[in-house]
1. Identify the residues of the range 2-23 with backbone N under 19 Å of a label point that sits 7 angstrom from the Cα of SER132 along the Cα-to-Cβ direction, or state none.
2. Rounded to the nearest 20 debye, what is the charge dipole size of the range 30-77 about its Cα centre when +1 sits on each Lys and Arg Cβ and -1 on each Asp and Glu Cβ?
3. Please sort 98-106, 64-72 by packing, taking for each peptide the average over its residues of neighbouring beta carbons within 10 angstrom, highest first.
4. Would you report the distance distribution of C-alpha pairs in the range 19-97 as whole percents per 5 angstrom bin, up to the bin with the largest distance?
5. Can you pull the percent of the chain's accessible area that's carbon plus sulfur, 1.4 Å probe, other chains left in place?
6. On a 1.4 Å probe surface of the protein chains, which of ARG78, ARG157 comes out largest in accessible area, and what is the full order?
7. Would you kindly derive the ³J(HN,Hα) couplings of the range 89-102 from the backbone phi angles with the Karplus curve 6.51 cos²θ - 1.76 cosθ + 1.60 (θ = phi - 60°), listing them in order in whole Hz, with x for Gly and Pro?
8. Taking the dipole about the Cα centre of the range 79-164, with the C-beta of Lys and Arg at +1 and of Asp and Glu at -1, give me whichever of LEU118, PHE103, LEU154 is farthest to the positive side.
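The values are calculated or read from the model by the stated rules, or taken from the named source; none is laboratory data. Being a predicted model, the structure only gives us computed values, none of them experimental. Cβ coordinates were reconstructed from backbone atoms using ideal geometry, including for glycine residues, and neighbour counts include every protein chain displayed. Only protein heavy atoms, including side chains, enter the accessible area calculation; ligands, DNA and RNA are left aside. Shrake-Rupley method; radii C 1.70, N 1.55, O 1.52, S 1.80 Å.
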Amino acid sequence: MIVNLLDKLLFGGLMLIAMQVPVVSDHYVQYLSGYYEATRHQVEGFRNTAARHGYPDEFGMINDLLQNPNALIKDDARQKQQTLQDYKELTQSLATLINGNYFERAWFISSPKQWRTLEKVLENFKPGIPLSINDLVYSVLTALLLSTLLTLPLKMRAFSSARA
């Protein structure tokens, strides 16, 4: 009886936690979207400048700037390279968060590389219920699976005690 009660409480708690993954993912998308738009605007500026000055693309322009003997121009080129790298990573991150399944989003959000951003996202986070049927189903199945795995040893022990 105590094992069944523990199982139900554990399942309920895990389900509440599992339902937060899609909600946190949505908050994450909102957080990154502003940064993405600002970075995209900068990259478009790089592309326009490169085209105006006869470069095939922004990479060619940056490579040329890196060859300049002036340290200030080289530093600026390195900053542009970093902005392009940030833009690429933001594009991939948003693609994962918007198009990824429940587990891909959970894995992305919980990866150590994302912890600093996750802390910022969680500052304004309000728990909720996911609106997508897929997210609800994944949340329930994840909670059910984890609950079963965590209480299985207790149930087996209780079963073996009852038989003896």
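1. Label zone hits: 15-23.
2. On the way: 4 positive and 7 negative charges, 11 e Å.
For the range 30-77, the charge dipole is close to 60 debye.
3. The most tightly packed comes first, giving 98-106, 64-72.
4. Calculated over all Cα pairs of the range 19-97, the distribution is 3, 15, 20, 19, 14, 10, 7, 5, 3, 2, 0, 0 percent.
5. Ligands and nucleic acids excluded, carbon and sulfur reach 62 percent.
6. Values: ARG78 115, ARG157 170 Å².
Solvent-accessible surface, decreasing: ARG157, ARG78.
7. 5, 5, 4, 5, 4, 5, 4, 5, 6, 8, 9, x, 7, 3
8. Of LEU118, PHE103, LEU154, it is LEU154.
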